[in-house]
Amino acid sequence: MFSRPHFLSLVLALCLPVLGAPALAQGTPSRGALIQSFVQQRVGTVPLAEATGERREFTLEIHRVQTEISPGVSVEQWAFGLPGQPATVPGPELRVQVGDLVRIRVVNTHDQPHALHAHGITSLAQEMDGVPHTSTQILPGGSYTYEFVATQAGTHAYHCHFQTNVHLDMGMYGALIVEPRAGEGRPWTAEHTLILDEWDSRQNPADLKHDVQPDLFLVNGRTYPLIPDVPVPEGELHLLRVIHMGAQPHSLHLHGHSFLVLAKDGHDLPAPFEADTLPVLPGERYDLLVKGRDGAFPFHDHTTPQNVNGGVYPGGMHFMVTGGPARRADGTLAPPAAAHDHHAPTIPPPGAQTPAPPASPQPLPTGRPAHDHAAPAPAPTGASVIRIANFEYGPAELQIRAGTAVTWTNADPVIHHLVLTSGGQDRIHELPPGASFTFTFDQPGEFRYRCQPHPFMQGVVRVS
Ligand SMILES: [Cu+2]
């Protein structure tokens, strides 16, 4: 038996109004009762023999990997991985249940010493804490098995604790989730784990001083736009487990929804609170209950200097929570595709200056108007011009033959950045007002491009 108080039933009671049940007015435990339960809590090492659940065994290896964490930015990482599977940042999510005997065998397949700390697990013995000077360190080629009894349901993490400022920063972390025993009811139908971190694209673990200035801000190891959407279908309740394994404060803000903060650092809150902006500090974990709605809305760090990739907006700690089809403001459902909806902003040119037209504009190869989206016939090999005006590519779809040079010309009074995907790599080209960029397509295929600061600007070149 574990004497730690369990507030899940209370949380459920407080969630019931969300679920449509009659509102309850039970109140929260008194301050005195909360202090009393803390005083009576059992603390200290829970002997492995007291495990009442299953024996859960994991093996983690450590590998040096190269990962594209932001468009066009590939970095060296030290990553945890399961044997025979690719090592990743974050490492594999480990899930156990209350009462389980957890055994994590770390095999050091890397060329540096490492250790594994189970962040938030309080039932473990000091020798299992993964701190080199009180526990152990694992030399290259060695291994160590960390064992503990999972006594408390909650959102935790594991990370390397050897030379932590470098090793954690190199990506040595993952989620460690302790679930309640099966059968305990929960109001949510799905869970999403979101691990926050930052990265300095110039960081080098071999430097004597690890003095970093992060320029990339990550969720689950990627920056926007590489962070996958989080689907929360309309009407469904989902749990977001937020874990901060970086080193800077973040202020997470969700558009179009509020969330109910159910737990902090793996402890169920006696009085969950509703919010739409949550400060998250290094090492903290929060469990957030979200109810899906219509439309897609950003969830992002409201520390806006962190909504960039290398200083360029949009990027960084930003992803979309996607629900049901978006309704219009009048309540009707929006038409399914808005691809031909040309509401591009028309901004007045600064002063009386109008950017000069391209030096020698070539007629469009097909002779079709720029906004005709019918598939144009292949053009003869030669040259083509795509004019950027009013935040649109003209034409947005172009069909050419291999060997054709395509020139993008910026006729807008603002800078655009052309992101062209070629050979699996994003290449970014600056296009100040009036500037041009030419690229010759030698290979057949479909080449998509977009504008980095204005991602709604998208186009495609089809090369036959
Ligand atoms: Cu390490």
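The values are calculated or read from the model by the stated rules, or taken from the named source; none is laboratory data. The shown structure was predicted, so the numbers you read here are calculated from the model rather than taken from an experiment. Here the Cβ positions follow ideal geometry from the backbone for every residue, glycine too, while neighbour counts run over all protein chains shown. Note: areas computed on protein heavy atoms with side chains; ligands, DNA, RNA excluded. Shrake-Rupley method; radii C 1.70, N 1.55, O 1.52, S 1.80 Å.
What to note about this one:
- Residue count for the stretch 147-178, restricted to those that are within 13 Å of the ligand (Cβ to nearest atom), open to solvent by 20 Å² or more (accessible area, probe 1.4 Å) and either in a loop (DSSP other than H, G, I, E, B) or among the aliphatic types (A, V, I, L, M) (or both): 5.
- Answer from SER135, SER123 - the residue that is within 16 Å of the ligand (Cβ to nearest atom) and either of a type in the set (A, V, I, L, M) or in contact with a strand residue (DSSP E or B) (Cβ under 9 Å, 6 or more places away or on another chain) (or both): SER135
- VAL39 passes every criterion in (1) at pLDDT 95 or above; (2) part of a loop (DSSP other than H, G, I, E, B) apart from (2).
- TYR144 assigned by TED's automatic domain parsing to the domain that holds VAL89, open to solvent by 10 Å² or more (accessible area, probe 1.4 Å) and within 13 Å of the ligand (Cβ to nearest atom): yes
- Any hit, the stretch 258-267, residues being farther than 28 Å from HIS117 by Cβ, touching a residue at least 24 places away in the same chain (Cβ under 8 Å), open to solvent by less than 10 Å² (accessible area, probe 1.4 Å) and not polar (S, T, N, Q): yes
- Matching residues, the stretch 59-80, being more than 16 Å from the ligand (Cβ to nearest atom) and touching a residue at least 60 places away in the same chain (Cβ under 8 Å): THR67, GLU68, ILE69, SER70, PRO71, GLY72, VAL73, VAL75
- Checking each residue of the stretch 99-106 against the condition of being within 16 Å of the ligand (Cβ to nearest atom), farther than 20 Å from MET245 by Cα and surrounded by fewer than 20 Cβ atoms within 10 Å (Cβ to Cβ) gives at least one match.
- Pairing each residue of the stretch 236-256 that is in the same structural domain as GLY283 (by TED's automatic domain parsing) with any residue that is among the aromatic types (Phe, Trp, Tyr) and outside any strand (DSSP E or B), provided the two are 6+ apart or on different chains, yields C-beta distances under 6 Å for LEU237/TRP188; HIS238/TRP188; LEU239/TRP188.
- Residues in the stretch 107-120 that are closer than 28 Å to LYS264 by Cβ and within 16 Å of the ligand (Cβ to nearest atom): ALA115, LEU116, HIS117, ALA118, HIS119.
- Note on the stretch 413-424: residues that are within 17 Å of VAL385 (Cα to Cα) and in contact (Cβ under 8 Å) with a residue 40 or more places away in the chain amount to 3.
- Taken over the stretch 425-464, the criterion of being open to solvent by 70 Å² or more (accessible area, probe 1.4 Å), under 19 Å from GLY72 (Cβ atoms) and without any contact (Cβ under 8 Å) to a residue 60 or more places away in the chain is satisfied by GLU430, ARG448.
- Among the candidates LEU24, LEU14, residue that is in a loop (DSSP other than H, G, I, E, B), modelled with pLDDT under 95 and not acidic (Asp, Glu): LEU24
A quick yes/no check of all residues on (1) among the charged types (D, E, K, R); (2) surrounded by fewer than 19 Cβ atoms within 10 Å (Cβ to Cβ); (3) at pLDDT below 95:
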position	(1), (2), (3)
ARG56	yes, yes, no
GLY72	no, yes, yes
TRP78	no, no, no
GLU93	yes, yes, no
SER123	no, no, no
GLN126	no, yes, no
